[in-house]
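Structure first, commentary second.
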Amino acid sequence: MSKRAYVCRACGGLRRREKVYGRLGTESPDWPRCCARPMEELSFVQAEGATKLRKAERVEWAARGKRVVRERGRWTPARTERARARAAEQRATFAAAERARAPRGKAAAPGRGRRASRPVV
Ligand SMILES: [Zn+2]
């Protein structure tokens, strides 16, 4: 049992529902719908950002790619070109860190305790 946040691209509505499993995906009768269409499932970081917007703001945010940026320890919706550029930068930095860490396995960087949080965007 696992909850997910879903957003409606048409009206910006946000709902929390059980995650819908199975190959039917958005065709599943369990998939949340709004405005006569399937809602879009958000990642955890997108959900954190989405709650900070009003409905009308979420419509535009969803249309522009649902990007979030890490700011002062919180995921914030990227609503300006500048914020979206920062989001892209953060994703690239994270991806590079992942690549650097992966081949060395568990022996990687023993002295560095900080772990990047995962931007699943
Ligand atoms: Zn709707």
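Points worth noting:
- Phi angles of region 71-88 translate, via the Karplus equation with coefficients 6.51, -1.76, 1.60 and θ = phi - 60°, into HN-Hα couplings of 9, 6, x, 10, 8, 10, x, 8, 10, 10, 4, 5, 5, 5, 5, 5, 4, 5 Hz per residue; Gly and Pro are given as x.
- Ranked Arg17, Arg54, criterion: other C-beta atoms within 10 Å, fewest first: Arg54, Arg17
- Dipole of region 3-103, positive end: most advanced residue of Ala100, Thr76, Pro32 [Cβ charges, Cα centre]: Thr76
- Set of aspartates and glutamates near Lys3 by C-alpha distance (under 16 Å), chain-local residues within fewer than 8 positions excluded: Glu18, Asp30, Glu40, Glu41, Glu48
- Cleavage-rule hits (chymotrypsin sites (Phe, Trp or Tyr not before Pro)) in region 2-56: DSSP loop, at most 12 neighbouring Cβ within 10 angstrom: Tyr21
- Among Cys34, Cys8, sorting on how many other beta-carbon atoms sit within 10 Å of each Cβ, with the fewest leading, yields Cys34, Cys8.
Coordinate-derived values only; no laboratory data. Fair warning: this is a prediction, and the values are worked out from it, not measured in the lab. When we count neighbours, we look across all protein chains shown, and the Cβ atoms used for this are built from the backbone with ideal geometry, even at glycine.
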